[in-house]
1. Counting only other residues whose beta carbon sits under 11 Å from that of PRO346, what net charge do I get with K and R as +1, D and E as -1?
2. For a protection proxy built on the mean count of beta-carbon atoms within 10 angstrom, sort 410-422, 362-374 highest first, please.
3. Multiply the residue separation of LYS46 and HIS322 by 0.36 nm, subtract the distance between their alpha-carbon atoms, and state the gained length in nm to one decimal.
4. If you split all Cα-Cα distances of segment 125-170 into 5 Å bins from zero, what percentages do you get per bin, shortest first?
5. What is the local net charge at PHE385, summed over the other residues whose Cβ is closer than 10 Å to its Cβ (Lys, Arg +1; Asp, Glu -1)?
6. How about segment 121-223: which chymotrypsin sites (Phe, Trp or Tyr not before Pro) there lie in a loop by DSSP and see at most 14 other Cβ atoms within 10 Å?
7. When the solvent-accessible surface of protein heavy atoms is calculated with a 1.4 angstrom probe, in what order do LEU237, LEU116 fall, highest first?
8. Could you order ILE553, ILE77 so the one with the most accessible surface comes first? Probe is 1.4 Å.
Amino acid sequence: MRMTEIYGRADRVRVWLGTGDESTDVAMELLEDILDVETGEEAVSKGRKSIYNLLTRSWFSRRWVIQEIAFARKVTIFCGTKSLDWKSFADAVTTCEDIFLRSGDLLVGAINSEDLNRLGVFGLVYVSNNVFRRDLKGERVVHWLVSIEALVQRLNQFYATEPHDIVYAVLALAKDTYASRRIVVDYTKPVWEVYREVVSLIVEQSESLDIICRPWAAKQKDNPSWIRDCTTAAFGLDSYGILSRVNADTLVGELGKSPYRACGKLTAVTTKDDFTFYNREPSSMLMAEGFILDEIGHGGEVATHGIIPHSWLEFGAWNLFHSSPPPNAFWRTLVADRDGKGNNPPPWYPRICRQLFREAISPIGFNTEVMMLKHYQPMSMAREFIQRLQATTWNRRFAKTAINQAPGLFPSNAKKGDLICILHGCSVPVVMRPKDNTEPKRNGDQQSRRPLGVHIEPYLIQLRKIYAKQGGNWDNGFEHDEIYYRDERHEPDKILLDSFQSMPAIIPKTSTERSPQDGDSYGYEERSWGNSIAPATPSYLEMPKVEFECTLIGECYMYGVMDGEAMEMTRSGGIATINFGIS
């Protein structure tokens, strides 16, 4: 914390951006001109490229400079022979953003004007204006205003040579860590343990698991799957070192402004203990309650480089050149059933969708980047819709779920058979993959492990039963005629629909039920209900809580469940709550 004292007590902090040239000299002069109301817009139009090159200098993306700017009482920016005080510089930068937003121009072909605030310099402006309040003299910090969750989310474009510093560089800025000993600077700790402390603090305070969907950490080979690193952020540096879109936006949205509530009003379970993590080794296992909603079925290709593959239209059952608009479930899935501000999509979305796709579809798909260049008019309906497509589909995969046949948007590395789950406290569904294709017994038995097919399939059968009664959310493509087990080691017979329509729900037995022991038989026996045959449910499936070890693949959008609709299945008693162990 010595840095806070050094920079906080300094009369003035001088920032050296590096040697200047003709371009930077022009940019520094124009930043002063921008502050003039009458000449501001003209100044931006004259030096667009020069200003962009200045604002993307590497100093603006270094993690530790955040504290330097935040705590300093007076800052002067130097580049070559030119200088500008920080307050004027920050004012000019935000004015530039407003002007570019109105113009709708592209900056050196790399980033849309609407996404200009993704640059590191805007993170510094945010910190200098929002993280705390000073006394009347503007010298002493008196109130800290922002949580560490807000900081690591907002500042994910800042890099650090030492991965511990992703956390340590912002501890003094956050209201929940600046005076706390909860997170202590210790560079001898493994990096993932430092990140675990942050996640534990965030979940305990917010009672939300959305942090496991937000990119914020440095990429490390030892990171558990619930630590999402910044390589999955929406924007990153391309091979030329230019900031550009590389992924879709996170579905959980900005902190406190999530557009969805898939888990209803349920929050993450908290206790006085280190509730977030399993109480035995490996302690990198995050514990969360929830339930399995469906599994991923057949799907299309990944939308790479902003190109929506032609196969998506086929999976979405959309005949593009038919007179009717796109199917309701399909176009809503394309935009994740929200507009760019997190509100319900406007009624003109399907019309614009059909017009744009008919205008620009090709054998490989719909190129959103080309269409952004074509529809450059600021704030046009076409541009707004294309932007929304980029924010939801970029580097995601379109697929239908195996049971309910609902369309959805899934991580690029998701595959058929991955499980779609709702976690208590997580505002969006997540994709899970059973770890090592095996599952442990229920809590308390750490030795024996059971094959995946024995544990999951009765659960999925019950889901099929519920969806069959409800008629499903997707009205084409799925026939409830037969079900197969994923685990080929058991090779059970086909189970006809009437076999599981009469199956009882998976009802938890009392806590006095005998725990499964090594040597018990877990093969399938035939159990008769009328004229049908169904597998016996192993007794350990009927326990109140089942520990299910898995890997988090990422967040997802699934049509028809984003506003808590799936919670009705748990309230009706048909779906059991599972204690997930995410490693």
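The values are calculated or read from the model by the stated rules, or taken from the named source; none is laboratory data. Because the structure is predicted, anything quoted here is derived from the model rather than measured. We place every Cβ from the backbone using ideal geometry, glycine too, and count neighbours over all the protein chains shown. Note: areas computed on protein heavy atoms with side chains; ligands, DNA, RNA excluded. Shrake-Rupley method; radii C 1.70, N 1.55, O 1.52, S 1.80 Å.
1. Local net charge: +2.
2. The most tightly packed comes first, giving 410-422, 362-374.
3. On the way: separation 276, 0.36 × 276 = 99.36 nm, distance 4.66 nm.
Extra length from LYS46 to HIS322 when fully extended: 94.7 nm.
4. Pair shares across the bins are 5, 18, 27, 21, 14, 11, 4, 1.
5. Every neighbour counted, the sum reads +1.
6. Hits after loop and neighbour filter: TYR187.
7. Ranked from most to least accessible, the order is LEU237, LEU116.
8. Result, largest first: ILE553, ILE77.
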